[in-house]
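Accompanying notes for the structure given below.
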């Protein structure tokens with residue numbers, strides 16, 4: 001993980017993502033291997049050194065884990081008092097933090113009097129009190145409703161952007177990764193099966209599990225397929241042509257690629273489904289189109305599209321589309337194997 | 001009921017309050033650390049030590065399983081060594097404390113276990129040492145339960161103290177047994193018992209009020 005980024009760990013429950021996260025501050029001690037944080041090998045530190053190192057790593061949890069017997073202000077002051085800071089310094093730092101997370105007026109309340117979102121804000125303020133370089137978020141939004149989740153994610157983004165804190169986010173929700181993360185690692189059975197930039201992973205998932213996780217997102221492969229199946233036998237079904245899934249990112253999103261290609265190849269197309277959006281400042285488009293014409297016309301169009309930086313998957317017309325998206329040789333078994341080696345970022349290559 | 005008895009009753013009331021008060025204090029002071037260690041030493045806790053946990057648990061269980069009247073007599077040598085005598089109110093405080101400390105240890109252990117492990121973990125993640133966690137997390141978070149435990153211990157000690165008459169400890173219970181039970185003075189028995197009921201009632205109310213005060217936050 002790079003300093004200053006937000007890194008996501010995603011996978012189903014039991015995949016080992018929380019365990020991996022807890023290895024970072026050694027809440028969980030790995031049976032073998034090394035843990036390097038900011039140039040320090042954590043497993044080699046003695047007790048005191050580890051305690052000092054942990055003050056550089058903030059952590060927030062799904063269930064907040066605030067002190068029920070202490071006020072909001074005392075909760076935020078807690079790590080400062082652990083570090084033996086003086087009274088006046090503690091007070092001013094606590095006020096500053098509560099102001100920053102927007103909870104100044106709740107300073108003297110107890111956690112039981114706060115909503116879930118407010119509790120997580122307190123937890124974030126507490127985690128930031130000792131000015132850590134890293135913030136670990138263990139399913140920090142999983143106990144919150146969608147609106148509160150959005151607010152907390154915005155706060156996490158602020159932590160990253162305004163304070164320059166490196167953030168590691170563990171989640172089982174792809175939407176969380178898409179909203180805040182720069183890089184992501186997908187985990188299954190204790191292993192990282194795929195990792196890379198969020199945009200690439202999201203647009204060009206290589207591992208089966210990544211696709212499944214994406215399918216839980218509303219803009220999913222499953223939807224894609226369901227949509228396709230639904231359209232069998234209608235007007236489209238009687239025309240020659242192929243269904244293509246087009247994915248493009250960056251500048252390509254804004255250029256008139258489709259009409260250029262249509263003109264160049266004297267072809268026609270219909271857009272069946274599509275999204276044009278931005279993931280973490282990177283624009284992307286994902287379209288499902290029907291390209292009309294015989295095999296040669298379609299092949300020409302595909303070549304022209306790929307020339308312009310568009311990734312093209314030819315979808316089978318068969319009904320078994322849920323397995324979908326097979327197609328051209330760029331996503332095949334050997335490619336998936338390669339994907340298991342970390343950091344194979346660019347999925348934009350074409351076959 | 002003769003008039004002569006009233007001063008005795010008054011004196012016995014003070015003796016009971018004194019014995020129960022002092023032995024509750026000592027039993028808590030001794031039992032709380034035992035409870036803390038029972039928790040810390042237990043499996044998957046901050047200082048997991050199986051052997052130490054077993055030793056402590058066995059000691060606690062032995063003392064708790066010995067009937068109080070036997071304990072009272074069995075530790076007379078210890079009482080003499082500490083207080084200098086084996087008779088009287090002060091001598092009664094030693095067996096009362098010894099008997100109640102393991103009891104409070106178990107009550108405290110239960111209260112301390114109620115503290116969410118995640119909160120302890122959060123403190124660990126913030127770089128807290130084990131003792132910082134005990135002082136700043138475990139004890140404050142378990143405070144309502146610990147206070148409720150003190151109340152239970154004190155009430156239990158009221159009935160234990162009735163038996164301390166055996167070694168001349170005095171107190172209301174002793175008076176009730178000697179006058180009421182052995183001499184068939186029903187009046188004395190009723191009055192002393194009534195006072196005991198009032199004392200227990202007051203202690204319980206005080207304890208509940210304290211628990212409520214500290215628990216309103218959670």
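The values are calculated or read from the model by the stated rules, or taken from the named source; none is laboratory data. Remember, it's a predicted structure, so these values are computed and weren't measured experimentally. Here the Cβ positions follow ideal geometry from the backbone for every residue, glycine too, while neighbour counts run over all protein chains shown.
The table below lists the values:
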{"read-out": "Residue match in the range A:73-86 (condition: within 14 Å of another protein chain (Cβ to nearest Cβ) and more than 19 Å from residue B:133 (Cβ to Cβ))", "value": "yes"}
{"read-out": "Exclusive hit being in the same structural domain as residue A:131 (by TED's automatic domain parsing), touching a helix residue (DSSP H, G or I) at 6+ places or on another chain (Cβ under 6 Å), farther than 28 Å from residue A:5 by Cα and in a helix (DSSP H, G or I), set A:90, A:94, A:76", "value": "A:90"}
{"read-out": "Which listed residue is assigned to a helix (DSSP H, G or I) and within 14 Å of chain B (Cβ to nearest Cβ), from A:150, A:158, A:126, A:121", "value": "A:126"}
{"read-out": "Matching residues, the range A:24-58, being part of a helix (DSSP H, G or I) and either closer than 20 Å to residue A:124 by Cα or within 11 Å of another protein chain (Cβ to nearest Cβ) (or both)", "value": "A:24, A:47, A:48, A:49, A:50, A:51, A:52, A:53, A:54"}
{"read-out": "Of all residues making up the range A:233-274, the number that are modelled with pLDDT under 85 and under 18 Å from the mean Cα position of the chain (by Cα)", "value": "0"}
{"read-out": "Flag if residue A:98 is facing chain B (nearest Cβ under 9 Å), in contact (Cβ under 8 Å) with a residue 24 or more places away in the chain and within 15 Å of residue A:129 (Cβ to Cβ)", "value": "no"}
{"read-out": "Qualifying positions in the range B:121-132 - over 27 Å from the mean Cα position of the chain (by Cα) and closer than 21 Å to residue A:122 by Cα", "value": "B:121, B:122, B:123, B:124, B:125, B:126, B:127, B:128"}
{"read-out": "Among the candidates B:118, B:84, B:127, residue that is within 14 Å of chain A (Cβ to nearest Cβ), without any contact (Cβ under 8 Å) to a residue 12 or more places away in the chain and surrounded by fewer than 19 Cβ atoms within 10 Å (Cβ to Cβ)", "value": "B:118"}
{"read-out": "Subset of the range A:127-158 that is over 24 Å from residue A:210 (Cα atoms) and touching a helix residue (DSSP H, G or I) at 6+ places or on another chain (Cβ under 7 Å) - its residue that is surrounded by the most Cβ atoms within 10 Å (Cβ to Cβ)", "value": "A:129"}
{"read-out": "Options A:67, A:114; residue that is within 14 Å of chain B (Cβ to nearest Cβ), buried (at least 22 other Cβ atoms within 10 Å of the Cβ) and within 29 Å of residue B:146 (Cα to Cα)", "value": "A:67"}
{"read-out": "Residue in the range B:149-159 that is out of contact with any strand residue (DSSP E or B) (no Cβ under 7 Å at 6 or more places or on another chain) and at pLDDT below 90 present", "value": "yes"}
{"read-out": "Residue A:136, sole failed condition from (1) at pLDDT below 95; (2) closer than 23 Å to residue A:166 by Cα; (3) within 13 Å of chain B (Cβ to nearest Cβ)", "value": "(1)"}
